[in-house]
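Below: one structure, written as structure tokens.
The values are calculated or read from the model by the stated rules, or taken from the named source; none is laboratory data. Fair warning: this is a prediction, and the values are worked out from it, not measured in the lab. Every residue, glycine among them, receives a Cβ derived from its backbone with ideal geometry; neighbour counts consider all protein chains shown. What goes into the accessible areas is simple: the full protein's heavy atoms, side chains included, and nothing from ligands, DNA or RNA. Shrake-Rupley method; radii C 1.70, N 1.55, O 1.52, S 1.80 Å.
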Amino acid sequence: MDDLYRETIIEHYKNPAHKGRLDPHDYAFADSNPLCGDHIEISLRTDGAGVVTEAAFEGHGCAISQASADLLIDSIIGKPVEEIKKLGKDYILGMLGIELGPVRLKCALLSLKVLKAGVYGLEDFADDWPE
Ligand code: ZN
């Protein structure tokens, strides 16, 4: 693993900029990756034009899962929800900038999976998120 990228991941893991819950919110979703024990909950607020104005995540798990959530949240503030629906895995892998094996890939993509489920309006169960 490249040292520079590894430092970025550890920095986001230790000092996330977007940790928290937005209540009320316009979109929220939560999911987990049982293979690693990662949990991510994402909540978003949007303006009348469907642009994300605030976003935050809660969660725990490995450094890659949590750093990926923080990077993702940081990058989507100011983006229209319609644009978020089109984000693919390359988007998040590009931000992480490291090669990942199949197990770590699930960690890296959990936040994107949660975000997309949220903006596609799947059932909001973030309120029932186990502490
Ligand atoms: Zn993980």
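Observations, loosely collected:
- Criterion violated by residue 57 - all others in (1) farther than 17 Å from residue 122 by Cβ; (2) assigned to a strand (DSSP E or B); (3) within 16 Å of the ligand (Cβ to nearest atom) satisfied: (1)
- Residue satisfying condition, being part of a helix (DSSP H, G or I), of a type in the set (Val, Ile, Thr) and at pLDDT 95 or above, within set 73, 42, 9: 73
- Number of residues in the range 33-74 that are of a type outside the set (A, V, I, L, M), more than 14 Å from residue 22 (Cβ to Cβ) and open to solvent by 30 Å² or more (accessible area, probe 1.4 Å): the value is 7.
- Candidate set: the range 21-39, residues that are part of a loop (DSSP other than H, G, I, E, B) and of a type outside the set (A, V, I, L, M); chosen: the one farthest from the ligand (Cβ to nearest atom): 24
- Among residues that are open to solvent by 70 Å² or more (accessible area, probe 1.4 Å) and not acidic (Asp, Glu), residue 4 is included.
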